1. Select from the stretch 42-90 the residues that are in a loop (DSSP other than H, G, I, E, B) and among the aromatic types (Phe, Trp, Tyr) and list them in ascending order.
2. Considering every residue within the stretch 24-46, establish whether at least one is in contact with a strand residue (DSSP E or B) (Cβ under 8 Å, 6 or more places away or on another chain) and surrounded by 10 or more Cβ atoms within 10 Å (Cβ to Cβ).
3. Collect the residues in the stretch 1-41 that are outside any helix (DSSP H, G or I), free of Cβ contacts under 8 Å to residues at least 24 places away in the same chain and not polar (S, T, N, Q), keeping them in residue-number order.
4. Specify which of the listed residues (ASP65, ASP44) is closer than 30 Å to MET94 by Cα, outside the structural domain of MET94 (by TED's automatic domain parsing) and among the acidic types (Asp, Glu).
5. Considering MET59, MET18, MET69, MET22, which residue is among the aliphatic types (A, V, I, L, M), at pLDDT 95 or above and in contact with a helix residue (DSSP H, G or I) (Cβ under 6 Å, 6 or more places away or on another chain)?
6. Does the stretch 1-23 hold any residues that are within 30 Å of ASP73 (Cα to Cα), surrounded by 12 or more Cβ atoms within 10 Å (Cβ to Cβ) and over 20 Å from the mean Cα position of the chain (by Cα), and which are they?
7. If you scan the stretch 27-61, which residues turn out to be among the charged types (D, E, K, R) and in contact with a Ser or Thr (Cβ under 9 Å, 6 or more places away or on another chain)?
Amino acid sequence: MDENKDYVVVTAISTYRMRYVMHRDDLQKKNPNQPVNAIEWAHDTVIMERCEEFSQEHMGEYIIDAMEMTEADILELFDKENDYLNEWTKEQKMKLIRSYMADHTLENSASFK
C-alpha cells in the first residue's frame with residue numbers, strides 16, 4: 001500500500017549582493033615588490049576572504065525544485081541534513097518540522113490573501 005505523500009519539500013537558493021571596498025595603497029602593501037594590479041588583487045583578496053564586506057543586500061530566494069514526500073522520506077531527509085539531531089525521537093523531529101509553519105498561518109500571510 002502506498003504511503004500518503006503529506007509533505008512538500010521546496011528547495012531554494014538565497015542570493016546576496018555583497019560589496020567590498022579596498023584602498024589601492026592597502027592592496028600595494030600586500031605585495032610591495034610589484035606594481036599594484038588593483039582589480040586583480042582586489043578579486044584575489046575577496047576570493048581568499050581577506051577583506052570584510054562593505055555592504056550586502058538580500059536579492060531574494062529562487063526556487064530550484066519542489067516535490068511531495070512521505071513521512072518516512074521526510075524523516076530520512078531530516079536525519080541526512082540534520083545529523084546532529086539523529087538521537088531525537090520521531091516525535092521530536094515531527095514536532096520541529098510541523099512547527100516551521102506554526103507562526104505563519106494562512107490568515108497572517110499576505111501572499112495567500
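1. Once the filter is applied, which keeps residues that are in a loop (DSSP other than H, G, I, E, B) and among the aromatic types (Phe, Trp, Tyr), the stretch 42-90 yields PHE54, TRP88.
2. no
3. If the condition is that a residue be outside any helix (DSSP H, G or I), free of Cβ contacts under 8 Å to residues at least 24 places away in the same chain and not polar (S, T, N, Q), then MET1, ASP2, HIS23, PRO32, PRO35, VAL36 are the ones that fit.
4. Result of the check over ASP65, ASP44: ASP65.
5. Answer to the selection: MET22.
6. Once the filter is applied, which keeps residues that are within 30 Å of ASP73 (Cα to Cα), surrounded by 12 or more Cβ atoms within 10 Å (Cβ to Cβ) and over 20 Å from the mean Cα position of the chain (by Cα), the stretch 1-23 yields LYS5, TYR7.
7. LYS30, GLU61, listed by residue number.
The values are calculated or read from the model by the stated rules, or taken from the named source; none is laboratory data. Note that this is a predicted model, so its numbers are computed, not measured. Glycine also receives a Cβ, built like all others from the backbone with ideal geometry; neighbour counts cover every protein chain displayed.
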